[in-house]
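A.B. asks: The structure is given below, and queries will be raised subsequently.
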Amino acid sequence: MPARRTMAGRRMCTRPHLFRATFGCKMNLLSKTRKAIGWGLVIIGLLAFLDICFVEPRWIEITTRTVQIPGVQGRLRAVQLSDFHVDGAVGLEFIEKAVDRALAENPDVVFLTGDFITWQLRDADEYRRILSKLSSRAPAFACIGNHDGGRWAGSSRGYPDHAKVGRLLAASGIRLLFNERIKVRIGKRDILLAGLGDLWSGDLEPEAALETVRGEKLPVIVLAHNPDSVERLDGYDWDLVLSGHTHGGQLVIPLLGFRPFLPVKNGLWAEGLQKRGERQVHITRGVGNLHGLRFNCRPEISVLEISGKCNYLGGKGSGFGVQSGRGMAGIPAMPMVCSNEKRSSIFVASFVDGTLCTAIAFDKARDKARDKVSQIRPDFTARAVARLGCGYLVEQRRANHQVFPEPRTLNPDT
């Protein structure tokens, strides 16, 4: 019995020691975990700071979008630049880099949608040299932004009017459109181009630049710095509005997509190509920024492939189903998808103003493109013929812009 008591006593004496050791190890591990998490948050914060201040504001993204407008002949390749915001945070060397990259896209026309400065114009001669690169390569047109001068800018640190920016643009060979509309020829295409005054400055006068019913059956493109201007354009006749102003919000919360500093009333006008009924609005994120900050919202050079509405292939009795072109299995989206359900293939044909541009045979069984005929010249004067892998012939006559609705079966031996 004494031995047991001794053994029990010994066990009773060692338990507090084991408890203290175990508890101490857990507390030590918890402390190390907290420190690791703390250092991890510090590193993440530091990386985010470097990205916001030094990486993204200078990391230009070139985006390409296709825009279809009734009446456009062939294809028009346009570059839209906006919101240079030249000041202490955005230098002219960065603007020149953006201009050079934009010109490398070989545009037919350049559209600039305002905010060339933040508050004051400095080193005008150097700025003129850089902007002149644009007008020397392609016709260039611009509208005024709220920072370029006017009531809004004059109430803060800017100019009371846009005279200085207007002289800069004129010296650079860029046509400024201020509440006016002109007819311009780009290549062999005629378009009506309107430029509006700034909404925030109280200079927006759509009645001076637009018609309720257009007099000429030509496409109408509008330059308006602030996309909220679209709310004032109801009742006027136009096809496409090009805007900037938003900077995409500059700071976009990942996953949530929340933009806490978006300077527009309509949150839909943050960026990209948006619908307004049957018409379209394109908002670019711009090249510059305010305060030198961007996060999850890179500066943007917008390339717009503008073309006419498509003539669709297919017809009654042809056995072809029709879908809107959204692309299939990695094939870029096209205006038309025609499928013969009795065969194992689909073919996709893109027509722009009666001209066959692209045709792809799509093998349904293998879920991949089997054959492709692309880049048939838009100015092809003879019969444009694409023989597709699914054994159909698509024909188009340039002379009378006729698209044959009934594809004919080919003899395999021909």
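Bear in mind these aren't lab numbers, they're just calculated from the coordinates by the rules spelled out. Quick caveat: nothing in here was measured; it's all calculated off a predicted structure. Note that each Cβ is placed from the backbone with ideal geometry, even for glycine, and that neighbours are counted across all protein chains shown.
A.B. asks: Starting from the 7 Å offset along Cα-to-Cβ, what nm value, one decimal, do you get for the label separation of Glu207 and Asp123?
C.D. replies: Each label point lies 7 Å from its Cα, and together they span 4.4 nm.
A.B. asks: If you put +1 on each Lys and Arg Cβ and -1 on each Asp and Glu Cβ, how big is the dipole of region 60-307 around its Cα centre, in Debye rounded to 20? Before the final figure, lay out the partial values.
C.D. replies: Working: 31 positive and 31 negative charges, 96 e Å.
Roughly 460 debye for region 60-307.
A.B. asks: Report the gain in length on full extension from Lys183 to Ile44: 0.36 nm times residue separation, minus Cα-Cα distance, nm rounded to one decimal.
C.D. replies: Numbers: separation 139, 0.36 × 139 = 50.04 nm, distance 5.29 nm.
Gain in length upon complete extension: 44.7 nm.
A.B. asks: Now for a different question. Does region 120-166 come out rounded, prolate or oblate by the C-alpha gyration tensor, with a ≥ b ≥ c the root eigenvalues, rounded set by a/c under 1.5 and, if not, prolate when a/b is larger than b/c and oblate if not?
C.D. replies: oblate
A.B. asks: Here's a follow-up. Can you work out D for region 183-278 in µm² s⁻¹ from Stokes-Einstein, where Rh is the Kirkwood radius over C-alpha pairs, the temperature is 10 °C and the viscosity is 1.306 mPa s?
C.D. replies: 108 µm²/s
A.B. asks: Give the calculated FRET efficiency between Lys265 and Arg34 to the nearest 0.05, with a Förster radius of 35 Å applied to their Cβ-Cβ distance. Mind dumping the intermediate values first?
C.D. replies: On the way: r = 45 Å, r/R0 = 1.27.
That gives a FRET efficiency of 0.20.
A.B. asks: Next question, about the same structure. Quick one: Cα centre-to-centre distance for region 133-162 and region 182-229, in angstrom?
C.D. replies: Taking the Cα centre of each part, region 133-162 and region 182-229 sit 17 Å apart.
A.B. asks: 7 Å from Cα along Cα→Cβ at both Phe54 and Ser156: what's the point-to-point distance in nm?
C.D. replies: A separation of 2.8 nm, rounded to one decimal place.
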